[in-house]
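The values are calculated or read from the model by the stated rules, or taken from the named source; none is laboratory data. Here the structure is a predicted model, which means the values were calculated and not measured. Neighbour counts run over all protein chains shown; Cβ positions are idealised from the backbone, glycine included.
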Amino acid sequence: MGCVFLLPGFLYARPADISQLISNGGYAFTTKTGVVQFRGNELFVPASTLKILTCLAALETLGNNYRFETRFFLDKKNNLYIQGFGDPFLTSETVLDIGVELRKRGVKNLSSIYLDDSNFHLLTPTPGSQNSSNPYDAPNGALAVNFNALPFTLSEENRVSSGEDQTPFIPLMREIANNFSPGSYRVNVSAFDDNNTSLPLRYAGELFTAQFKRNNISTNGLFLQKKTPPDVRPIYIHYSSKTLEEIIRACLKYSNNFIANQLFLACGAATFQFPATWEKSRRFMNHYLTSTLKLTSSQICMVEGSGLSRQNSITPLAFLQILERFKPHANLLSKKDDRVLKSGTLSNVFSFAGYLHEKTLKPFVILLNQPENTREDILQLFHATLPR
């Protein structure tokens, strides 16, 4: 297959220059008068560039100012139920602020804390996840704190402390630190699950308990997984400290897989009601792709929202359509020189997607499924020759 080169009015990189950089891959660039593409209708694994599509779908489905909820219920026995709805930003700082709000509402002494994660029903791990200790493999959930990534430091003297100022020390840190040599870490808590314990939920329970203590809310130290009874009324509804647009900016900047799939699952739940499931979100995305973007299964396959799975695939020309629609949100992408873009990287997968020239926003995508990472070289060739 050959390159399609348009416009003799200025000098493009020669086909031979590009072909030497691609052993298996394709690209598409938008110019003033058309599209330059190579293997534009073939499917390639996009890696994390797929987050652009997930974020676009979330913005158009949930709205720029959408805020996730977490609900708190108090029964007659002073048991606190915490019901999650998938807020990806239940950070240590947020949990501390929630304690402040509960204290204002007269909460002082709690019996037990019940963790309600029933709004997500995920029967399988995130597609593509290896459940390694790396935080990019952290699982999704309705009630997850700190992106399900645990920060801790183990000293040479075998002392364990929190790995960051805003997160208090909790017992879970000591247990997980036993698997490591001295150093500072941020790990996927679920990688250390046993058959009897959900460590992500335990993480949430211990963090809420510790942050409540800092707000002079006492507990008996007990927390259990339990669904909220239908006859209990909420004492407080926490709305995420970040709007959806702010969440997406962070998701794209840090290429956070956990956030991307919380958004993916939220879209499915918004369309087909809670509990969120992988299947509902795939149904939602298939409808969005075919009805809104007019893309077919021969142009894209999407099984999760982060790009972690190699089952995801897309053609360069289909990706160009997505980038055209994403233009109003281009400012959410990271800037580098005179371009805004998102990168994607897996073993033998190297991709770029975004816009050349910050003012004119010319969409482009490079999808390489090969051992050689030549995406920057390809981009430089076109960046130097395309007119502004």
>> Which numbered condition in (1) under 29 Å from Glu304 (Cβ atoms); (2) in contact with a Leu (Cβ under 9 Å, 6 or more places away or on another chain); (3) surrounded by fewer than 19 Cβ atoms within 10 Å (Cβ to Cβ); (4) not polar (S, T, N, Q) is the only one that Phe208 fails?
In response: (3)
>> As an exercise: evaluate Lys336 against (1) under 19 Å from Leu379 (Cα atoms); (2) surrounded by 15 or more Cβ atoms within 10 Å (Cβ to Cβ) and give the number of the one condition it does not meet.
In response: (2)
>> Please verify whether Thr126 is surrounded by fewer than 20 Cβ atoms within 10 Å (Cβ to Cβ), of a type in the set (Ser, Thr, Tyr) and either more than 21 Å from Ile235 (Cβ to Cβ) or within 28 Å of the chain's Cα centre (by Cα) (or both), treating the condition exactly as stated.
In response: no
> Quick check: is even one residue across the range 213-227 hydroxyl-bearing (Ser, Thr, Tyr), touching a Ser or Thr at 6+ places or on another chain (Cβ under 8 Å) and within 18 Å of Lys51 (Cβ to Cβ)?
Replying inline: no
> Restricting attention to the range 246-264, which residues are buried (at least 18 other Cβ atoms within 10 Å of the Cβ) and under 26 Å from Leu317 (Cα atoms)?
Replying inline: Ile248, Arg249, Cys251, Leu252, Ser255, Asn256, Asn257, Ala260, Asn261, Leu263, Phe264
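I'd like the full set of residues that are in contact (Cβ under 8 Å) with a residue 60 or more places away in the chain, surrounded by fewer than 24 Cβ atoms within 10 Å (Cβ to Cβ) and closer than 18 Å to Asn140 by Cα, limited to the range 268-283. Can you show your working first?
Just the residues of the range 268-283 that are in contact (Cβ under 8 Å) with a residue 60 or more places away in the chain, to begin with: 269-271, 274-278.
Checking the rest, the ones that are also surrounded by fewer than 24 Cβ atoms within 10 Å (Cβ to Cβ) come to 269-271, 274-275, 277-278.
Passing the criteria: Ala269, Ala270, Phe274, Pro275, Thr277, Trp278.
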>> Any residue at all in the range 107-116 that's closer than 30 Å to Lys280 by Cα and under 26 Å from the mean Cα position of the chain (by Cα)?
In response: yes
>> Cβ-Cβ distance below 6 Å, separation of 6 or more or different chains: which pairs start in the range 79-102 with a residue that is touching a residue at least 40 places away in the same chain (Cβ under 8 Å) and end on one that is among the small types (Gly, Ala, Ser)?
In response: Gly84/Ala142; Gly86/Ala142; Gly86/Ala266; Asp87/Ser240; Phe89/Ser240; Thr94/Ser241
> Right, Gly305: within 22 Å of Ile247 (Cα to Cα), touching a strand residue (DSSP E or B) at 6+ places or on another chain (Cβ under 7 Å) and at pLDDT 95 or above or not?
Replying inline: no
> Do we have any residue at all in the range 149-156 that's under 26 Å from the mean Cα position of the chain (by Cα), surrounded by 19 or more Cβ atoms within 10 Å (Cβ to Cβ), in a loop (DSSP other than H, G, I, E, B) and among the small types (Gly, Ala, Ser)?
Replying inline: no
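Would you list the helices (runs of 4 or more DSSP H) that sit entirely within the range 242-321 and hold 2 or more residues that are touching a helix residue (DSSP H, G or I) at 6+ places or on another chain (Cβ under 8 Å) and aliphatic (A, V, I, L, M)? Step through it out loud before you land on a result.
Working: elements: 244-254, 257-272, 278-287.
Qualifying helices (runs of 4 or more DSSP H): 244-254, 257-272.
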> Applying the selection to the range 194-208, what residues are farther than 14 Å from Ser92 by Cβ, in contact with a helix residue (DSSP H, G or I) (Cβ under 9 Å, 6 or more places away or on another chain) and at pLDDT 95 or above?
Replying inline: Leu199, Pro200, Arg202
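With respect to Gly221, determine if the residue is more than 20 Å from Ala47 (Cα to Cα) and part of a loop (DSSP other than H, G, I, E, B). If you could, list the steps in order and put the result at the bottom.
Working: more than 20 Å from Ala47 (Cα to Cα): yes; part of a loop (DSSP other than H, G, I, E, B): yes.
When the stated conditions are applied, Gly221 passes them.
Being surrounded by fewer than 21 Cβ atoms within 10 Å (Cβ to Cβ) and touching a strand residue (DSSP E or B) at 6+ places or on another chain (Cβ under 7 Å) is the filter; apply it to the range 339-351 and report the residue that is farthest from Lys51 (Cα to Cα). Write out each step before concluding.
Just the residues of the range 339-351 that are surrounded by fewer than 21 Cβ atoms within 10 Å (Cβ to Cβ), to begin with: 339-340, 343, 345-348.
This time we only want the ones that are touching a strand residue (DSSP E or B) at 6+ places or on another chain (Cβ under 7 Å), so: 339-340, 343.
Working: Arg339: 18, Val340: 14, Ser343: 10 Å.
Among residues in the range 339-351 that are surrounded by fewer than 21 Cβ atoms within 10 Å (Cβ to Cβ) and touching a strand residue (DSSP E or B) at 6+ places or on another chain (Cβ under 7 Å), the one farthest from Lys51 (Cα to Cα) is Arg339.
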> Within the set of pairs 6 or more residues apart or between chains, which connect a residue that is touching a residue at least 60 places away in the same chain (Cβ under 8 Å) inside the range 173-196 to a residue that is part of a loop (DSSP other than H, G, I, E, B) with Cβ atoms less than 7 Å apart?
Replying inline: Ala191/Asn131; Ala191/Ser132; Ala191/Ser133
>> Just to verify a result, which residue in the range 356-385, among those that are within 27 Å of Gly128 (Cβ to Cβ) and without any contact (Cβ under 8 Å) to a residue 60 or more places away in the chain, is surrounded by the most Cβ atoms within 10 Å (Cβ to Cβ)?
In response: Arg375
> Mind checking whether some residue in the range 52-75 is more than 33 Å from the chain's Cα centre (by Cα), among the charged types (D, E, K, R) and at pLDDT 95 or above?
Replying inline: yes
